[in-house]
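The values are calculated or read from the model by the stated rules, or taken from the named source; none is laboratory data. Keep in mind the model is a prediction, meaning the values are calculated, not measured. In this analysis, Cβ positions are derived from the backbone assuming ideal geometry, glycine residues included, and neighbour counts consider all displayed protein chains.
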Amino acid sequence: MAEIIFKQIKKKEEASTTPEDTKEGILGKIKKWKFKIRPVNLRAFLKTKKGKTTLFSFLGLFILLLFICLTLIRPALGLVYKVKEIQALRLASIRTVIETKDIRKTREELGFVQKDLEDLRSQYQSLSVWGKLPIIKNYYQDGERLFEVGHLGIESANIVLESVEPYQDFLGLSGGEGEEEGETPDKTAEDRINFLTESIEGLVPYLNDLESNIQKMNDLVGQIDIEKYPDQLSGTPIKEYYYTAQTGLETGLNLIKDGRPLIEKTSWLLGKDEPRQYFMLFQNNAELRPTGGFWTAYGVLQVDNGKIKPLLSDDIYRLDDQFRSNIPAPRPIKEYHINVPYWNIRDMNLSPDLPTSLETFLEHYGTIAKTENYDAFILLDTQVLLNIVEIFGKIGLGGDWGELSIEPDDRCDGCPQAFYYLEHLADKPRSSLVADRKGFLGPMMQSVLANVMAAPKEKMPAITQAFLTSLKNKNLMVYFPDQELQKSAVSLNIAGTINQPEGDYLHLNDSNFAGAKTNMFIDQTIEHEIIPQGDRVDHKLTIIYDNPSPASNCNLEAGKLCLNAPKYRNWFRLYTPLGSTLQKMTGSEVEVEPYEELEKTVFEGFYGDKYPLYAESQNRVTIHYSSPIKPDENYVINIQKQPGSKPIDYKITIGGQEVESFMLDSDRTLRFSL
C-alpha cells in the first residue's frame with residue numbers, strides 16, 4: 001500500500017515543482033486521496049485455482065510441521081530427557097557402587113544401565129525415518145554406532161567382573177557368587193600361593209572375549225568422522241571426549257594384546273615346572289640416579305612352585321671389589337662426579353632407559369658371574385618398602401636386623417623410621433653392627449613377602465593397591481631376558497623404558513652426584529608454558545628445586561649419618577623430540593651443547609660446584625626450547641616421570657591461562673587444542 005502511495009507522489013513530483021511539494025503539501029494531498037478496500041469472498045476465492053493452490057499449500061505445511069513434531073521434535077526431546085535422567089541417577093549410582101567394591105551390586109547396577117540403554121535406543125530408533133535422508137543419514141548412523149559401543153562396554157564390564165571374582169580376596173572385593181556376606185574365610189600363605197599358581201592362567205579365555213569386544217568398540221569409534229561435529233555441543237566437549245575414548249580403547253587393546261604373555265606364563269614365572277631365579281637390585285632413590293636411584297645392594301631370590309627363598313644378598317661395593325674396574329670413567333662421571341676415576345658397576349645406570357643401563361651392567365657383570373642363570377631382574381626402591389610397612393605399621397626383619405616402622409623419626413627431620421633405619425643399615429660408617437651391613441636385602445624381602453602372603457583378608461586390598469602403585473609410579477620395575485616377556489613389560493610400562501610415543505614429549509632426569517641422600521628432602525615444582533608458534537611449539541620450563549630441611553652432620557670422623565648434604569650436586573637432562581632446538585637455559589654452570597640419545601634431543605646441564613643447592617634453600621633452572629611438533633586442535637604431549645623421583649608439583653599454562661595442575665607421580669599423556 002505504501003509503495004503505491006509513493007509512486008503516485010513521485011508522478012506528481014515529476015509533473016510539478018510548486019511550493020505545494022513540501023512535506024506539508026504532500027501530506028495534505030494524501031488526505032484528499034480516497035482508497036476503496038473491497039471485502040474478499042473467501043468461499044468464492046477457494047473455488048478459484050489460485051485459492052485451491054493456496055489451501056493445499058497451507059494444509060501441506062501443517063501436515064509437514066505435524067510430521068516433524070511427531071517424528072523428530074517429540075522423540076528428540078524425549079531422548080534429551082532420558083539422557084539427563086541416566087546421567088543424574090545411574091552414573092552417580094554406579095560410582096557409589098564401585099566405591100563399595102561389591103561385585104554383586106555392581107552387576108545389578110550394570111543391568112539397570114543396560115535396560116536404560118535399550119530403552120534409550122528404542123526411542124532413538126523412532127527417528128529412523130530421518131536416518132534415511134541424505135546427509136542426516138551419516139549422523140544417525142553415528143548414533144547407532146555409539147549405542148553399540150555402549151552395549152559392548154557394559155558387556156566388557158561384566159566380563160571383567162566375572163574374571164576377577166575368584167581373586168576378590170586379593171582385590172578386596174565382596175559379593176561374589178555363592179559368597180555369604182562377611183563369611184569368606186581367610187586363606188593361609190600356602191593356600192594363596194597355590195591358588196595363584198594354579199588359577200591365574202584361567203584369565204586367558206576372558207582376555208580373548210575382552211579383546212574381541214574392545215576391538216569392535218575401537219572399530220566403531222574409528223568409523224565416526226569427528227571433524228563434522230562442533231568442538232562443543234550444549235557445553236559438552238564432544239571432540240575432547242571422542243579423542244579421550246579413542247586413546248583409551250587403543251591403549252586398552254594394546255595392553256591386552258601385549259600383556260597376555262605375562263599372564264600365559266604365570267605358572268612358569270612362579271616356578272611351577274622348575275625353580276626360577278630372580279636377580280634383585282635395590283635402588284636407593286634418596287640418592288637419585290638416572291634409572292631411579294643409586295644401586296646400593298643386590299640379591300638373588302629363588303621361586304619354586306610359588307615359594308620364595310633368598311639365595312644371596314650382598315653389598316654392591318663388594319661386587320665392585322670383585323669387578324676391580326680399570327675402565328676409565330665415562331664423560332658425565334668424569335665431569336660431574338667427585339674423585340671417581342673409573343667406571344664402577346654401581347655407577348653403570350647412566351642411561352635413563354632401564355634396559356639400556358641393565359644391558360651395560362650385564363655385559364660387565366658377566367665377566368665375574370654367569371648372567372644366563374636369571375629369569376628376570378627386579379629393581380625396587382625405598383618407597384616400595386615404605387608402602388608395605390605403612391600397611392602393617394611395622395615389620396620385623398628377623399635375626400639381628402631389627403624392625404621397620406612408619407613412625408616419624410626426628411633424626412631425619414620427621415622422615416619415616418623405616419627410611420632412616422634402612423639408611424643406617426646401608427651407609428652409616430661403623431666397624432661392626434652386623435657381619436654383612438648391606439646383606440639385609442635378602443632377609444628383608446623374605447620378611448616382607450612373608451608378611452604380605454600371610455596378611456589377613458582385610459589388608460589384601462591395600463597390599464594389592466601398594467603393589468600396583470609401586471609399578472605405576474616406577475618404584476618397582478622389571479627386566480626380562482626373554483624377548484616376548486620383555487615386550488609385554490614395555491607395553492605395560494613397567495620396564496622403565498624411554499618411550500617413543502606419537503606427539504610431543506619430555507622427560508626430566510636428575511642425577512645426584514655426591515649429594516648424600518638429599519633427594520629424600522628435595523621437593524620439585526615445574527611451571528611449564530606451552531606456546532604455539534606457527535609450524536612449531538615452544539616450551540618454557542621453570543624447574544624449582546627446594547630443600548627446606550636443615551643439613552646433616554656429614555663429618556665421617558664424627559660417625560654421624562649423612563643424609564641431607566649441606567651442598568647438593570645435580571646433573572640434569574631434558575629429553576625432547578628429535579629435532580628440538582634450544583633457545584635459552586639458565587641455572588646451569590656448564591655450557592649447554594644439545595646432543596642426540598635414545599632417539600631424542602637432549603639438553604644437559606649441571607649445578608653443584610659454583611652454585612650448589614644448599615640445605616634450606618632453592619635453586620631454579622629455566623629451559624626454553626622449540627619442539628618440531630606442530631600445533632594442532634588435537635595436540636598431544638607425553639610427559640614421562642623419572643623412576644624413583646618424588647611426585648612433582650606440575651603446572652601447565654597456555655596463552656597465560658593455567659590449563660592443567662597436577663602431581664606428576666606417573667607418566668602423563670595430555671591433550672590440548674593449540
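Numerical summary
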item: Candidate set from segment 362-400 (those that are within 30 Å of ILE463 (Cβ to Cβ) and of a type in the set (Phe, Trp, Tyr)); member that is modelled with the highest pLDDT; result: PHE377
item: Residue tally, condition outside any helix (DSSP H, G or I) and touching a residue at least 40 places away in the same chain (Cβ under 8 Å), over segment 332-347; result: 2
item: Segment 663-674, subset more than 14 Å from ASN638 (Cα to Cα) and hydrophobic (A, V, I, L, M, F, W, C), residue modelled with the lowest pLDDT; result: LEU674
item: Residue match in segment 520-536 (condition: in contact with an Asp or Glu (Cβ under 6 Å, 6 or more places away or on another chain) and either under 23 Å from GLU250 (Cβ atoms) or among the β-branched types (Val, Ile, Thr) (or both)); result: yes
item: Any hit, segment 522-537, residues being closer than 26 Å to ASN344 by Cβ and surrounded by 19 or more Cβ atoms within 10 Å (Cβ to Cβ); result: yes
item: In segment 615-648, the residues that are among the charged types (D, E, K, R) and within 23 Å of LYS584 (Cβ to Cβ); result: ARG620, LYS630
item: Selected residue [loosely packed, with under 15 Cβ neighbours inside 10 Å, in a loop (DSSP other than H, G, I, E, B) and charged (D, E, K, R)] from LYS370, LYS309; result: LYS370
item: Residues that are of a type outside the set (Ser, Thr, Tyr), in a loop (DSSP other than H, G, I, E, B) and surrounded by 13 or more Cβ atoms within 10 Å (Cβ to Cβ), drawn from segment 579-598; result: GLY579, GLY587, GLU589, VAL590, VAL592, PRO594, LEU598
item: PRO461 being touching a strand residue (DSSP E or B) at 6+ places or on another chain (Cβ under 8 Å), farther than 18 Å from LEU269 by Cβ and in a helix (DSSP H, G or I); result: no
item: Flag for ASP219 being out of contact with any Asp or Glu (no Cβ under 7 Å at 6 or more places or on another chain), more than 23 Å from SER488 (Cα to Cα) and either in a strand (DSSP E or B) or of a type in the set (Asp, Glu) (or both); result: yes
item: Test: residue in segment 287-302 that is assigned to a strand (DSSP E or B), under 27 Å from GLY605 (Cβ atoms) and free of Cβ contacts under 8 Å to residues at least 40 places away in the same chain; result: no
item: Total residues in segment 500-518, condition in contact with a strand residue (DSSP E or B) (Cβ under 6 Å, 6 or more places away or on another chain) and either outside any strand (DSSP E or B) or of a type outside the set (A, V, I, L, M) (or both); result: 11
item: Hits in segment 451-489 (condition: over 19 Å from ASP381 (Cα atoms) and of a type in the set (Gly, Ala, Ser)); result: ALA454, ALA455, SER488
item: Of all residues making up segment 357-367, the number that are in contact (Cβ under 8 Å) with a residue 12 or more places away in the chain and either touching a helix residue (DSSP H, G or I) at 6+ places or on another chain (Cβ under 6 Å) or surrounded by fewer than 19 Cβ atoms within 10 Å (Cβ to Cβ) (or both); result: 3
item: Residue within segment 567-584 that is out of contact with any Leu (no Cβ under 9 Å at 6 or more places or on another chain) and at pLDDT below 95 present; result: no
item: Any chance GLU250 is among the charged types (D, E, K, R), loosely packed, with under 15 Cβ neighbours inside 10 Å, modelled with pLDDT of 80 or more and touching a helix residue (DSSP H, G or I) at 6+ places or on another chain (Cβ under 9 Å); result: yes
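Per-residue answers, yes or no, for (1) in a helix (DSSP H, G or I); (2) touching a residue at least 40 places away in the same chain (Cβ under 8 Å); (3) over 23 Å from the mean Cα position of the chain (by Cα); (4) more than 30 Å from GLU633 (Cα to Cα):
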{"position": "ILE214", "(1), (2), (3), (4)": "yes, yes, no, no"}
{"position": "TYR243", "(1), (2), (3), (4)": "yes, yes, no, no"}
{"position": "LEU253", "(1), (2), (3), (4)": "yes, yes, no, no"}
{"position": "GLY259", "(1), (2), (3), (4)": "yes, yes, no, yes"}
{"position": "PHE279", "(1), (2), (3), (4)": "no, yes, yes, yes"}
